[in-house]
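The values are calculated or read from the model by the stated rules, or taken from the named source; none is laboratory data. Being a predicted model, the structure only gives us computed values, none of them experimental. All Cβ positions, even for glycine, are placed from backbone atoms using ideal geometry, and neighbour counts span all protein chains on display. We work out accessible area using only protein heavy atoms, side chains counted, and drop any ligands, DNA or RNA first. Shrake-Rupley method; radii C 1.70, N 1.55, O 1.52, S 1.80 Å.
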2 protein chains.
Amino acid sequence: MSKQLVFGHQNPDTDTIAAAISLAYLRQQDGVDVEAVALGEPNAETKFALDYFDTKPLRVITAAKPEVDQVMLVDHNEPQQSVSDLNQVQVTNVVDHHRIHDFNTEKPLYYRAEPVGCSSTILTKMYHEKNVAIPKNIAGLMLSAIISDTLLLKSPTTTDDDKAAVEELVKIAGVDYNDYGIKMLKAGTNIAARSDKDLIDGDAKSFTMNGVNVRIDQINTVDLDDVFARQADIEAAMKDEMHTEGYDLFVVMVTNVLNSDTELLVIGSHTDVVEKAFGKKLENNRMALPGVVSRKKQVVPPLTDAFNA
Amino acid sequence: MSKQLVFGHQNPDTDTIAAAISLAYLRQQDGVDVEAVALGEPNAETKFALDYFDTKPLRVITAAKPEVDQVMLVDHNEPQQSVSDLNQVQVTNVVDHHRIHDFNTEKPLYYRAEPVGCSSTILTKMYHEKNVAIPKNIAGLMLSAIISDTLLLKSPTTTDDDKAAVEELVKIAGVDYNDYGIKMLKAGTNIAARSDKDLIDGDAKSFTMNGVNVRIDQINTVDLDDVFARQADIEAAMKDEMHTEGYDLFVVMVTNVLNSDTELLVIGSHTDVVEKAFGKKLENNRMALPGVVSRKKQVVPPLTDAFNA
């Protein structure tokens, strides 16, 4: 069998990196020649986790076809979140926990999605099913991914499966869950060290909602003021990027990871749809959403519904 | 939780019925209120299996939304092969072994696809993973499904997983695999008892290939002459249906289940693409394809490639 590549979405987060490493190792046990790569440099949180568990950052690719004919996707399936030339290669495996959208294949494949908080939770099950022991460093990265995606199991996306996976991975990784988790989340929230462009790009994903190009970014912080003190500059960067990338609506979720609240910063057309989606008015382009932490579960669905209404 | 329905594709075959019954039972063990239903009456082969394993035929539905808001799909995912109002309901589970095509969701879901010979093979694994014992009659139906989809494990779609599932299901069902399998396959091939329309509809699926509406049916038989003796009448029925349903190209695979050969009967436009796909000329609208038994693996991919070339 020819070599394959496995990677997560653009703007890689901790789950995307951990799941790629994890699936690569699992498939290698079956003799598959597969290398975990990334579609971008690791963010500060992921760097912390990679350092902590003594793992090298993944090689960054911008296209797949020059190297391989077959790929595996983790933590995403929507082509616009994937490698630029996805339509030139065959997808043989997907492990994901998001909706399925614009994903079409010509041949049958292994597709494993579950409505859980994190791709790494699904991978934990897959190791069990294949009776493969999870190496310590990979367990640590998968644990980091679940902590990151569920914000220490506090996000409404959290399921019993995520909790069970954390319980198991903690033992293999040999860390104190809460202590390690807060250190890792804080490492990912060093707002002062990040440029305006990095803040609005760092964890951004593109969606098409009823024909409208919507960009939704999420900035994790331990203090909302660290971000909003720079509101004017951040808005300028958002406008700039909307112009160059053709986004119609740009939504930035600024999320306090310690108390699980979010304030939106919204720019562009269709801001009335955002107001309709959450039943609140924007003031100074901002809207407080207490208890909201999940883009996937608490922002994308109401916004999609409002666009389709 | 509200009640859900689980069903396979239109023109139900044995796997579609067995997998619906099997997934319903598995989810019921988790307290989910779900009823297995069908999008059509069982064919002769499936009736034989249901009778043999003392199971009632499933209730037939034509629309989902009047009854439920949520559904589960087995053995298919393409909307044009599914219930007419699929876009009105939420899909919460898919268990399938086909390509993914035109399948979009708004929310995360449980999606389990593997490139194996039969959906019931995947379900056998899922029972293991959940530590649920497979009831004897359901094991018998799942075994029947694998025998049907892989033609007694002889189709090139057959994988080691299918073989392992058969080995296990035979023990639970308590039948002689080969003896039961040949009886069941023969029960499904009583050509004389079937109308021309039933022959061309019985196991037909619709595909869109590069914008062309392609209908591909498969007729299992123990003697190709039983079918081709009626060629003129069958062609007339095909033409009739192309006209009423808007198919551009109608391909009927006539498959000898005992020696694993197929002869195509082809009507409509783009017959040159069929010739290109298989590198052979049609004579009298027919083309012999020795060793071909799998629509999914041996007919759809070359035809899709030829349409896209």
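Scanning segment A:217-275 for residues that are at positive phi and loosely packed, with under 15 Cβ neighbours inside 10 Å gives a single hit, A:G246. For the residues A:V95, A:V116, A:V91, the requirement of being touching a Ser or Thr at 6+ places or on another chain (Cβ under 8 Å) and farther than 29 Å from A:Y180 by Cα singles out A:V91. So which of B:I146, B:I134 ends up being under 22 Å from B:N43 (Cα atoms), touching a helix residue (DSSP H, G or I) at 6+ places or on another chain (Cβ under 6 Å) and either touching a residue at least 60 places away in the same chain (Cβ under 8 Å) or outside any loop (DSSP other than H, G, I, E, B) (or both)? Residue meeting the stated conditions: B:I146. Kindly indicate whether any position in segment A:236-246 is in contact with a helix residue (DSSP H, G or I) (Cβ under 7 Å, 6 or more places away or on another chain), touching a residue at least 12 places away in the same chain (Cβ under 8 Å), within 14 Å of A:K197 (Cα to Cα) and of a type in the set (K, R). Scanning segment A:236-246, I find no residue that is in contact with a helix residue (DSSP H, G or I) (Cβ under 7 Å, 6 or more places away or on another chain), touching a residue at least 12 places away in the same chain (Cβ under 8 Å), within 14 Å of A:K197 (Cα to Cα) and of a type in the set (K, R), so the answer is no.
Scanning segment B:189-216 for residues that are among the small types (G, A, S) and on the phi > 0 side of the Ramachandran plot turns up just one, B:G211. Of the residues making up segment B:149-166, those that are more than 15 Å from B:D179 (Cβ to Cβ), open to solvent by less than 20 Å² (accessible area, probe 1.4 Å) and modelled with pLDDT of 95 or more are B:D162, B:A165. Residues in segment B:59-77 that are touching a residue at least 60 places away in the same chain (Cβ under 8 Å) and of a type outside the set (A, V, I, L, M): B:E67, B:D69, B:Q70, B:D75, B:H76.
Conditions (1) over 19 Å from the mean Cα position of the chain (by Cα); (2) within 28 Å of B:S119 (Cα to Cα); (3) of a type in the set (V, I, T); (4) modelled with pLDDT of 95 or more, marked per residue:
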position	(1), (2), (3), (4)
B:E235	yes, no, no, yes
B:D240	yes, no, no, yes
B:D248	yes, no, no, yes
B:V257	no, yes, yes, no
B:L264	no, yes, no, yes
B:H270	yes, no, no, yes
B:N285	yes, no, no, yes
B:S294	no, yes, no, no
B:F307	yes, yes, no, yes
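Being part of a helix (DSSP H, G or I) and either touching a residue at least 60 places away in the same chain (Cβ under 8 Å) or out of contact with any Cys (no Cβ under 7 Å at 6 or more places or on another chain) (or both) is a property that B:K125 has. Annotation: of all residues in segment A:283-309 being among the aliphatic types (A, V, I, L, M) and in contact with a helix residue (DSSP H, G or I) (Cβ under 6 Å, 6 or more places away or on another chain), the one that is nearest to the other protein chains (Cβ to nearest Cβ) is A:L303. The residues of segment A:84-112 that are at the interface with chain B (Cβ under 9 Å from one of its Cβ atoms), part of a loop (DSSP other than H, G, I, E, B), open to solvent by less than 40 Å² (accessible area, probe 1.4 Å) and of a type in the set (D, E, K, R) amount to a single one, A:R99. Just so you know, in segment A:95-128 the residues that are acidic (D, E) and at pLDDT below 95 include one that is nearest to the chain's Cα centre (by Cα), and it is A:D102. With the requirement that a residue be outside any helix (DSSP H, G or I) and either among the acidic types (D, E) or in contact (Cβ under 8 Å) with a residue 60 or more places away in the chain (or both), what does segment A:212-225 give you? Of everything in segment A:212-225, those that are outside any helix (DSSP H, G or I) and either among the acidic types (D, E) or in contact (Cβ under 8 Å) with a residue 60 or more places away in the chain (or both) turn out to be A:V212, A:V214, A:I216, A:D217, A:Q218, A:N220, A:D223. Filtering segment B:32-81 to residues that are more than 18 Å from B:S120 (Cα to Cα) and part of a helix (DSSP H, G or I) leaves B:A44, B:D51, B:P79, B:Q80, B:Q81.
To keep it simple, each residue is scored yes or no on (1) under 18 Å from B:A18 (Cβ atoms); (2) of a type outside the set (S, T, N, Q); (3) touching a Leu at 6+ places or on another chain (Cβ under 9 Å).
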residue: B:V83; (1), (2), (3): no, yes, yes
residue: B:T105; (1), (2), (3): no, no, no
residue: B:G117; (1), (2), (3): yes, yes, yes
residue: B:S120; (1), (2), (3): yes, no, yes
residue: B:N131; (1), (2), (3): no, no, no
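Given the structure, is A:E78 acidic (D, E) and either more than 8 Å from every other protein chain (Cβ to nearest Cβ) or within 21 Å of B:E78 (Cβ to Cβ) (or both)? Spelling it out, A:E78 is indeed acidic (D, E) and either more than 8 Å from every other protein chain (Cβ to nearest Cβ) or within 21 Å of B:E78 (Cβ to Cβ) (or both). For B:K56, are the conditions met, namely being without any contact (Cβ under 8 Å) to a residue 24 or more places away in the chain, in contact with a Lys or Arg (Cβ under 9 Å, 6 or more places away or on another chain) and not hydrophobic (A, V, I, L, M, F, W, C)? Judged against the criteria, B:K56 is not a match.
Each residue in segment A:188-211 was checked for being open to solvent by less than 20 Å² (accessible area, probe 1.4 Å) and part of a helix (DSSP H, G or I), and 3 pass.
Each row is one residue, and each column tells you yes or no for (1) open to solvent by 10 Å² or more (accessible area, probe 1.4 Å); (2) modelled with pLDDT under 95; (3) within 14 Å of B:M142 (Cα to Cα).
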| site | (1), (2), (3) |
| --- | --- |
| B:A18 | no, no, yes |
| B:I21 | yes, no, yes |
| B:Q29 | yes, no, no |
| B:L39 | yes, no, no |
| B:F48 | yes, no, yes |
| B:F53 | yes, no, yes |
| B:P57 | yes, no, no |
| B:A64 | no, no, no |
| B:D69 | yes, no, no |
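Which of the residues that make up segment A:113-122 are hydrophobic (A, V, I, L, M, F, W, C) and facing another protein chain (nearest Cβ under 7 Å)? Within segment A:113-122, just A:A113 meets the criteria.
In this entry, B:R215 is excluded by the filter for residues that are of a type in the set (D, E, K, R) and over 20 Å from the mean Cα position of the chain (by Cα).
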